[in-house]
Amino acid sequence: MKDFKSDIIHCLEQKDWNKAMKRLKEWEADGSHNKPDFYFFQASLSVYLGHDHNAWLWLWRGLDLFPDNRSLNLLMGKVCLRTGREQESAAYLQKGDGAETESGPKLDLPVHETTEPPAGQIRVLQGTMEIANQMNTLAKGLSQHGALAHTLNYYPYYLNYAADYTWSLLKERNTPAMNAKLRRLASDLLPSYDLFHFHFGTSFTLDMSDYPILKQAGKPMIMHHWGSDVRLYSTLAKTNPYAVVKTKNEARIRYHLKRISQYVQHCIVADMELYEYVKDYYEHVHMIPTMIQLDRYIPDYRSNEKPLIVHAPTSPGIKGTRHILKAVESLKEKYDFHFQLVRGVSHEQAKKIYQKADLIIDQLHIGSYGLFAVESMAMGKPVICWVSDFMKEHYPSELPLIRANPDNITEVIENVLKNRDMLPEIGQKGRKYAEVHHDMVKNSKKMLAVYQALLSG
């Protein structure tokens, strides 16, 4: 058997966090990791990295399996003190008494001074699916307005978005045992937060069985819908001749909307396209546009000698990638330009590529723009995107997107290549549009107002 334990202790003592992380992943892949020490080391690494709430979650998972383990209880008691759970700390410290003298793992954790939260501070937990970094961005914005905002992500992907709590359930099945465990997690998180903000039709459990627990506890809930979780082809096709959807089972979407709205009265959507799908289900629908941290997007109005066109086919069918590739192939015969597909890289790596582009192509089917277009505009990049007539009427009149659809994408790209001198001005208008309509600070303040209304009502 591989000696993962000794290697990891050595890595942590040497402060080689990357190697410790790598060895923990190898231990998990080896299949022999379901032991108290594995959870202890994961929690310890989280503390060293400054991720105290994630340490709490690792310890919670370990104690759910090994409730009497002294080392886990002792560390949980310490972590509770670090995360504002003082009332819970004493019981864990008592159960962990004596762990320091046992032969179990021992590590000196960094000192952490707790501060008393401001009186009346709103405490919100978002979960459990990160969509285009929106949970993390909203949490940052809310914190600037004095709220305590944390995120829980069950579905970490290659894009490497940050979260306060991360538990990968990508390989977990929707079983009674798993949902019972997640209901216990929901119950144990309840005291730490005033309000729960869920995204993409998710909740703490995989079967929505936690909604009654939260409602009975009197905790306000908000559901934030983003797109394919609610998009109905029959509705979209009425206003969009190029409509394509990911999920064709409309009965399933309607079932989920009906079930969620039995417990959740308030819903957030980004625009009128999404409003059309949810308006008949929720008592209150709030429209708050997507948001970005503007200072993380530096505008670059460059013009390459040989133009670079970029497309990110995250969902090729929805994006209309085949039409884009066909258009590019055709235009390559007449024009000299670079074309790059961006896929399978982290968000930060992708941004570096977008920064170099002369033109970005988003999507040709949905009829509304998403976060990729917002990020591109914030970087000063002209964006081709299909915006339906219906949505054009509902967006601000100064929206500077270059409209295109599957029928005319070749002509639109060709017109751009022939008139490249117009691109810098479009890019500048895009940056201004992002500043006015998609600023994290402005839009998170709107979200905070929704929270305050729920908590005061």
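The values are calculated or read from the model by the stated rules, or taken from the named source; none is laboratory data. In this text, all values refer to a predicted model and were calculated from it rather than measured experimentally. Backbone-built Cβ (ideal geometry, glycine too); neighbour counts: all protein chains shown.
Some notes on this structure:
- Taken together, I409, I384 contain a single residue that is over 25 Å from the mean Cα position of the chain (by Cα) and buried (at least 19 other Cβ atoms within 10 Å of the Cβ), which is I409.
- L63 being in contact with a Leu (Cβ under 8 Å, 6 or more places away or on another chain) and either part of a helix (DSSP H, G or I) or modelled with pLDDT under 95 (or both): yes
- Contact map, the range 124-137: residues that are free of Cβ contacts under 8 Å to residues at least 60 places away in the same chain and buried (at least 21 other Cβ atoms within 10 Å of the Cβ) paired with residues that are part of a helix (DSSP H, G or I) and aliphatic (A, V, I, L, M), Cβ distance under 7 Å, separation 6+ or inter-chain. No pairs are found.
- If you go through the range 170-199 and pick out every residue that is outside any helix (DSSP H, G or I) and free of Cβ contacts under 8 Å to residues at least 40 places away in the same chain, you end up with 6.
- Taking (1) buried (at least 23 other Cβ atoms within 10 Å of the Cβ); (2) at pLDDT 95 or above in turn, L74 satisfies each apart from (2).
- Scanning the range 138-162 for residues that are touching a residue at least 60 places away in the same chain (Cβ under 8 Å) and part of a loop (DSSP other than H, G, I, E, B) gives H145, A147, Y158, L159, N160, Y161.
- Within the range 209-227, the set of residues being within 25 Å of S444 (Cβ to Cβ), among the small types (G, A, S) and free of Cβ contacts under 8 Å to residues at least 40 places away in the same chain comprises G218 only.
- Residue in the range 392-408 that is touching a strand residue (DSSP E or B) at 6+ places or on another chain (Cβ under 8 Å), within 19 Å of G367 (Cα to Cα), part of a helix (DSSP H, G or I) and not basic (K, R) present: no
- Within the range 304-345, tally of residues that are among the basic types (K, R) and either in contact with a strand residue (DSSP E or B) (Cβ under 8 Å, 6 or more places away or on another chain) or crowded, with 19+ Cβ neighbours inside 10 Å (or both): 3
- Neighbours by Cβ (under 8 Å, 6+ apart or cross-chain): first from the range 339-353, of a type in the set (D, E, K, R); second assigned to a helix (DSSP H, G or I) and surrounded by 15 or more Cβ atoms within 10 Å (Cβ to Cβ): K351/E375
- Tabulated pairs, the range 240-260, first among the hydroxyl-bearing types (S, T, Y), second part of a helix (DSSP H, G or I), C-beta under 8 angstrom, 6+ apart or interchain: T247/I253
Residue-wise test of (1) in contact (Cβ under 8 Å) with a residue 12 or more places away in the chain; (2) part of a helix (DSSP H, G or I).
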{"position": "L12", "(1), (2)": "yes, yes"}
{"position": "N18", "(1), (2)": "no, yes"}
{"position": "W27", "(1), (2)": "yes, yes"}
{"position": "S32", "(1), (2)": "yes, no"}
{"position": "Y39", "(1), (2)": "yes, yes"}
{"position": "A43", "(1), (2)": "yes, yes"}
{"position": "S46", "(1), (2)": "yes, yes"}
{"position": "N54", "(1), (2)": "yes, yes"}
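- In the range 76-95, residue farthest from L109 (Cα to Cα) [restricted to those that are among the small types (G, A, S) and assigned to a helix (DSSP H, G or I)]: A91
- Residues of the range 355-391 classified as hydrophobic (A, V, I, L, M, F, W, C) and farther than 20 Å from T410 by Cα, total: 8
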